[in-house]
Structure formats: structure tokens, C-alpha cells
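Enquirer: Quick one: the structure is below, questions incoming.
The values are calculated or read from the model by the stated rules, or taken from the named source; none is laboratory data. Because the structure is predicted, anything quoted here is derived from the model rather than measured. Every residue, glycine as well, gets a Cβ built from its backbone with ideal geometry; the counts of neighbours run over all protein chains shown.
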Amino acid sequence: MLPLAPAALLSHCLFEGMKAYRGVDNHIRLFRPMLNMERMHRSANRSSLPLFDKGELLECIKKLVDIDQEWVPYSQEASLYIRPTYIGTEPSLGVSRPGKAMIFVIISPVGPYFATGSFNPVSLLADPAFVRAWKGGVGAYKMGGNYGPTIAVQSEAVRRGCQQVLWLYGEDEQITEVGTMNLFIYWTNKEGEKELVTPPLDGIILPGVTRQSLLDLGRSWGEFKVTERTMDMKELLGALDAGRVLEVFGAGTACVVCPVGSLLYKGKTYQIPTMQNGPDLAKRFYKELTDIQVTV
């Protein structure tokens with residue numbers, strides 16, 4: 001148990017999510033861990049927590065995984081989830097910069113997000129009444145306060161027969177994230193080009209490690225246009241109506257890639273043809289990335 005004073009400044013709380021994988025050669029690998037350290041460092045700075053040495057923390061995590069390596073599953077479908085956490089611990093009833101803080105790391109083996117052989121799509125609720133993040137806020141940081149308020153909205157989505165939330169922002173209903181994942185749309189744009197689109201890192205979007213990895217892969221293939229730009233509901237629904245949308249999927253550490261099959265918006269359900277199109281791109285991303293995680 002963590003020894004914490006009852007008045008500890010727990011308003012300062014942030015975390016990371018990363019995984020260790022046991023490869024085909026039995027070697028244990030972390031996937032792009034410095035990206036997590038850099039993001040955690042940015043979150044600490046935004047939270048007014050004392051800054052830490054990114055390289056030193058990563059070395060500590062590697063040592064922890066090495067000591068507890070038997071907790072890393074002997075399976076390419078499972079992994080060891082790693083959650084570095086950083087909290088303020090100074091006893092105070094005021095709202096201020098903490099003089100004391102604690103970093104700790106939780107590890108736990110986790111199974112595959114999808115059952116073996118399955119790649120099931122999720123349904124989304126898009127309701128402009130709910131907002132996850134806003135300009136000038138902390139949506140780009142992995143803070144505990146960004147996640148607690150979303151639970152009630154997730155429950156509302158389930159009540160309406162959906163599995164995840166498509167978060168919208170602003171009067172023009174910009175598309176931002178899906179659940180706790182970054183969002184990707186693969187379509188034929190108005191110029192007739194195949195294009196992969198994801199919202200830009202404008203302060204609202206969490207800069208996901210998986211997000212960056214998919215962008216890097218897509219650009220390295222050179223087979224379609226890859227764009228980071230703002231998209232709103234009007235544009236998405238227009239593209240669906242015109243039959244230009246090919247696949248929609250989320251991306252994150254937990255699932256790697258998660259296909260989207262339908263969207264509930266203002267009482268109407270819109271079918272998204274992700275699964276009818278394979279989904280060739282989503283599955284390709286999933287295979288490429290999971291192969292890298294256990295072999296490189």
C-alpha cells in the first residue's frame with residue numbers, strides 16, 4: 001500500500017500506458033517507450049509536478065520488467081501492461097504546486113483485446129452535448145482528470161445501445177477521439193484519391209504512440225495520401241452519403257486497431273462500411289504493428 005497523508009495533493013495525477021512483449025525469440029521488448037516518457041514529461045510540466053529524467057525513468061522501468069520478466073506472457077497475443085503513475089503527495093488543503101511527489105509503476109499481464117481470430121467492430125455514440133476536451137485545456141496530456149468524467153458518458157452510450165463515444169468539439173462538431181483512442185478515417189477524398197485522415201495535434205487530441213506509428217507506417221508505404229487535419233460531422237456524414245468512406249477505426253495501446261461499424265448521431269444510426277471493405281487497411285495496420293512489437 002502507498003503511504004499517503006489524508007490531505008495529499010491528489011489533484012495532481014497523471015499516468016502512462018505502455019506494454020512489454022515477449023517476442024518469437026523469447027526476447028522481451030518495449031515498443032517505442034521513449035515516446036511515452038516524453039509524453040509523461042510534458043504532462044508533468046503541465047501539471048506543475050517536479051520534472052524527472054526521462055532516460056533514468058525508462059531505465060528503471062526496464063529493470064522492473066527484467067526483474068519480473070516471468071510476468072510477461074509466453075504468448076504473442078498477450079503482453080505485460082505497464083502503467084507509470086505520477087502523483088502529488090504533499091499534505092495541503094490548498095490548490096498549489098506540490099513540493100513533494102511520487103512516481104510508481106504498476107505492471108500486469110493482459111490478454112488480447114480481441115478474441116483469437118476475431119476483429120469485431122464497435123458502435124459509436126456521437127452527441128455534441130458531451131465534450132472531452134477543449135482548446136486551452138489539457139486534452140493533449142494523459143491526466144487522470146481527463147478520464148474520470150468520461151465514464152458517465154460511456155455509460156450513456158451503452159444505455160443507447162452503443163459501445164464507445166465519438167467525441168465532438170465546437171459549434172461545427174469537429175471529430176476528435178473515439179473512446180480513449182485516436183480516430184482514423186480511410187476514404188476516397190473529393191479529388192478521387194485514397195486518403196487516410198486523422199485529427200491534428202491541436203491541443204485537444206492526445207498524441208498517441210499507436211497514432212504516430214500508424215502515420216509513420218502509412219507514409220512509409222506511399223500507397224495513399226496521409227493527412228492530419230480537422231474534420232467535422234457534416235463532412236463525415238456527407239462522405240458516408242456519397243459512398244466515399246471505406247474504413248473508420250480507432251487506435252491505441254490496448255487494442256492497437258479497433259474497427260468501427262456504426263454511428264448513432266441525433267437519433268439516427270449510420271452504417272460505416274469498415275467490415276465490408278475487409279477491413280483491409282485496419283487489418284494490415286494491426287498485423288504490421290503487432291509483428292514489429294514482437295520481432296524488432
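Enquirer: I'd like to know if the stretch 121-128 contains one or more residues that are surrounded by 15 or more Cβ atoms within 10 Å (Cβ to Cβ), over 30 Å from E173 (Cβ atoms) and at pLDDT 95 or above.
Expert: The answer is no; no qualifying residue exists.
Enquirer: Here is a check on your reading of the model: is V24 modelled with pLDDT under 95, of a type outside the set (D, E) and out of contact with any Pro (no Cβ under 6 Å at 6 or more places or on another chain)? Spell out how you get there, then give the answer.
Expert: Working: modelled with pLDDT under 95: yes; of a type outside the set (D, E): yes; out of contact with any Pro (no Cβ under 6 Å at 6 or more places or on another chain): yes.
Answer is yes for this residue.
Enquirer: Here's something else I'd like to know. Looking at the stretch 283-296, which of the residues that are touching a helix residue (DSSP H, G or I) at 6+ places or on another chain (Cβ under 9 Å) and among the aliphatic types (A, V, I, L, M) is farthest from R22 (Cα to Cα)?
Expert: Residue satisfying both the conditions and the ranking: L289.
Enquirer: Any idea which residue in the stretch 27-58 is surrounded by the fewest Cβ atoms within 10 Å (Cβ to Cβ), counting only those that are assigned to a loop (DSSP other than H, G, I, E, B) and either touching a Cys at 6+ places or on another chain (Cβ under 7 Å) or in contact (Cβ under 8 Å) with a residue 24 or more places away in the chain (or both)?
Expert: S48
Enquirer: Something else: Quick check: is even one residue across the stretch 5-23 outside the structural domain of G144 (by the TED database), hydroxyl-bearing (S, T, Y) and in contact with a helix residue (DSSP H, G or I) (Cβ under 9 Å, 6 or more places away or on another chain)?
Expert: Checked against the condition, which is being outside the structural domain of G144 (by the TED database), hydroxyl-bearing (S, T, Y) and in contact with a helix residue (DSSP H, G or I) (Cβ under 9 Å, 6 or more places away or on another chain), the stretch 5-23 yields at least one hit.
Enquirer: When the residues of the stretch 169-178 are filtered to those that are surrounded by fewer than 22 Cβ atoms within 10 Å (Cβ to Cβ) and touching a strand residue (DSSP E or B) at 6+ places or on another chain (Cβ under 9 Å), which remaining residue is nearest to G252 (Cα to Cα)?
Expert: This residue is Q174.
Residue-wise test of (1) under 29 Å from M18 (Cα atoms); (2) aliphatic (A, V, I, L, M).
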| site | (1), (2) |
| --- | --- |
| C162 | yes, no |
| L168 | yes, yes |
| E193 | no, no |
| G208 | yes, no |
| R211 | yes, no |
| D216 | yes, no |
| G222 | yes, no |
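Enquirer: Please go through (1) under 24 Å from the mean Cα position of the chain (by Cα); (2) outside any loop (DSSP other than H, G, I, E, B); (3) exposed (fewer than 13 other Cβ atoms within 10 Å of the Cβ) for V65 and return the number of the only condition it doesn't satisfy.
Expert: (3)
Enquirer: Scan the stretch 82-98 residue by residue and report those that are surrounded by fewer than 17 Cβ atoms within 10 Å (Cβ to Cβ), of a type outside the set (D, E, K, R) and within 20 Å of L35 (Cβ to Cβ).
Expert: T85
Enquirer: I'd like to check which strands (runs of 3 or more DSSP E) are fully inside the stretch 77-178 and have at least 2 residues that are without any contact (Cβ under 8 Å) to a residue 12 or more places away in the chain, in contact with a helix residue (DSSP H, G or I) (Cβ under 6 Å, 6 or more places away or on another chain) and not assigned by the TED database to the domain that holds S43.
Expert: Ranges flagged: none.
Enquirer: Does the stretch 13-20 include one or more residues that are surrounded by 13 or more Cβ atoms within 10 Å (Cβ to Cβ), within 26 Å of T290 (Cβ to Cβ), charged (D, E, K, R) and out of contact with any Leu (no Cβ under 7 Å at 6 or more places or on another chain)?
Expert: Yes, the stretch 13-20 contains a residue that is surrounded by 13 or more Cβ atoms within 10 Å (Cβ to Cβ), within 26 Å of T290 (Cβ to Cβ), charged (D, E, K, R) and out of contact with any Leu (no Cβ under 7 Å at 6 or more places or on another chain).
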